[in-house]
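Values quoted throughout were computed directly from the atomic coordinates according to the rules given, and no laboratory measurement underlies them. Computed from a prediction, not measured in an experiment: that's the story for all the values here. Reconstructed Cβ throughout: ideal geometry from the backbone, glycine too, with neighbour counts over all protein chains shown.
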Amino acid sequence: MSFKFFDKLSQDFSELLNDTKECNIVVEVDKEENKKSFTAHSVVLRYRSSYFDKELENATTNKNHIKTIIKPNISAQIFEIILKYIYSGIVDIENTDTKTIYELMVNANELELKELSIKLESYLIESKASWLRTYFSLIYYSIFDSNEFKGLKKFYDDIIAKHPNLIFESGDFTSLQETALISILKRDDLNVEEIKVWDYIIKWGIARNPTLPTNSEEWSNENFKALKITLQQCLPLIRYFHIPSKDIWEKVKPYEKILDKQLWDDMIQHHMFPNKPGKSLILPARIVSIPDLPARIISTPDSSLTSNFVSRIFSSLTLVTKTMSTLNSTFSTIINEDHVAELSSWIDRKSTIYSLSFVPYEFQLILRGSRDGFHPKTFWNMCHGHAGTIVIVKVAGTDEIIGGYNPLTWDNSICGEKETNESFIFSLKNDNIQNSILSRVTDSNRALFYPHDQNIYGPWFGASEFLMESCVSDFAQDKKCWCSCYGTCYEKPIKTDEKFSIVDYEVFKIIKKQIPNCR
């Protein structure tokens, strides 16, 4: 049997850090007015960090037998945390901002403190996913050429493949370094239309040439040449031959001068004579995932009436079974099939609720906070361009399920009030709430509000009758979401007039099912 006293050991070593009697190392960190010196013991640094072991081998000793190591790229705040960890094995990040935690991870990795670096990497992925998405360009570039941070690389690879719009439409996209952008453009699984890829790299290239005239029709040959030079590594990675002819004419042609003449000629030829070979390299189409929809059954003249009828019935039953199976598994973490039937009947203004066997809509998940993050900007990035959507929120502490239906398109490029007669907000019954509440819009001119500050505000219905808000850019962290009882834009309140945080939220796109006709 062995007795272990790690707490006392950690405490003693923490006190040793503050004892300068036997210190023989000085570590100078930071720059200029922020420069600071820390004293330490060489024996502790050597055994705790292989980096310091190597540095101390080469460091010179002064007449007082003190060695000095200079690290100007580490802030005093960060190194103080690291030094405490080296001595005591304790890191307290409870009141530390996320950017500092990220920098701590990077510096811990540089100093070959693997245990600390890996622990912080896991913490960021598990607890600060929203922040990681918001600062994609900054972080992705810093880890791109590294052999470390495998967890973060996988995290970002998943985003690039599944939600590339989070990258391309982020506020700092144009600051993305060329090498990182090229690695993204090389991917075959980039889930975005090719014409949008073209639009994004043009935007990136123009941002790198701030002196270009705003109107491309006023560009000189030198202007086009400057853009071509900027994009010379990116242009060969566009899948030109998979862009529709309409988009080629409307969006690519204005920048024809940045393309090689042979490539342009081959593009035109390809759309006029698809089977005629050209001289330019044709890259394969990207793999763009399209949501599965029930297949249409088309009868043929040879089909017998009986077999055709049976086939249609079987297909209908299969569709219903498949739909119910989906609803019961990965469909939602908040609502169930009864809620779907009720919401669908409200969309169609039915006086009775649809039966579970005939719900005319499919609820296609766009965003889930626990999966994609709770930053308000994430909502505007991922829901941008989607029309006919339902926002579902689970309230922290009460397990209330509230939300709103927006028949219009979410648009992160505009702000102001939006008009519609079809929106509504609601509260859904569950184990704790006996009755659902439906509240339809009464002031159509103020049905929705698209805010200017998308780092604080998410979906906003009416005069705050349903509003998702966060001053710390995380809906799950501060009690700022609100369902006002005093608004005049919707029929009735859906919740008591108090602010709240959320456990989770989901946004669904409402898609009309293609139910086979059995006649």
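Taken over the Cα atoms of the stretch 6-127, the convex hull encloses 118 Å³ per residue. Counting each pair of different Cα atoms once, what's the Kirkwood radius of the chain in Å, rounded to one decimal? About 27.7 Å, per the Kirkwood formula over Cα pairs.
With the largest listed first and rounded to whole Å, the semi-axes of the equivalent ellipsoid of the stretch 37-90 from the Cα gyration tensor are 19, 14, 11. For the listed peptides 267-273, 387-393, 229-235, a ranking on the average number of other beta carbons within 10 Å per residue, highest first, reads 387-393, 229-235, 267-273. Candidate cross-link partners of K261 among the lysines, defined by an alpha-carbon separation under 20 Å and a same-chain spacing of 8 or more, comprise K225, K228, K246, K251, K253, K276, K279.
Shown for the stretch 305-512: lysine pairs separated by 8 or more places, or found on different chains, whose C-alpha atoms are under 21 Å apart, numbering 29. Note that the stretch 239-256 has calculated 3J(HN,Hα) couplings of 8, 4, 7, 10, 9, x, 4, 4, 6, 4, 6, 7, 10, 8, 3, x, 10, 3 Hz, one per residue in order, obtained from phi through the Karplus relation 6.51 cos²θ - 1.76 cosθ + 1.60 (θ = phi - 60°); glycine and proline are x. Extending 7 Å from the Cα toward the beta-carbon at both D411 and T60 defines two label points whose distance is 6.7 nm.
For the chain, list the DSSP H helices whose alpha carbon atoms reach 27 Å or more along the long axis and whose average Kyte-Doolittle value is -1.0 or above? Helices meeting the span and hydropathy rule in the chain are 305-328. Based on every Cα atom in the stretch 193-272, Rg and the maximum pairwise Cα distance Dmax equal 12.2, 37 Å. Applying D = kT/(6 pi eta Rh) to the stretch 158-297, where Rh is the Kirkwood radius over alpha-carbon pairs, T corresponds to 10 °C and eta to 1.306 mPa s, the Stokes-Einstein value obtained is 97 µm²/s. The stretch 399-422 and the stretch 487-504 have Cα centres separated by 15 Å. Across all Cα pairs in the stretch 397-519, the calculated P(r) in 10 Å bins from zero up to the longest distance comes to 13, 42, 33, 9, 3, 0 percent per bin.
Calculate the tail of P(r) for the stretch 318-461: the fraction of all Cα-Cα distances greater than 28 Å, expressed in %. The share of Cα pairs beyond 28 Å in the stretch 318-461 comes to 19 percent. Taking the average, over residues, of other Cβ atoms within 10 Å as the packing measure, peptides 482-491, 368-377, 87-96 rank 368-377, 482-491, 87-96 from highest down.
Between the alpha-carbon centres of the stretch 199-258 and the stretch 380-394 there is a gap of 31 Å. A simple rule links phi to the HN-Hα coupling: the Karplus curve 6.51 cos²θ - 1.76 cosθ + 1.60 with θ = phi - 60°, which for the stretch 397-411 gives x, 10, 6, 5, 10, 10, x, x, 10, 10, x, 7, 8, 5, 9 Hz, with x for Gly and Pro. With the highest mean first, a sort of the peptides 192-203, 250-261 on other beta-carbon atoms found within 10 angstrom per residue produces 192-203, 250-261.
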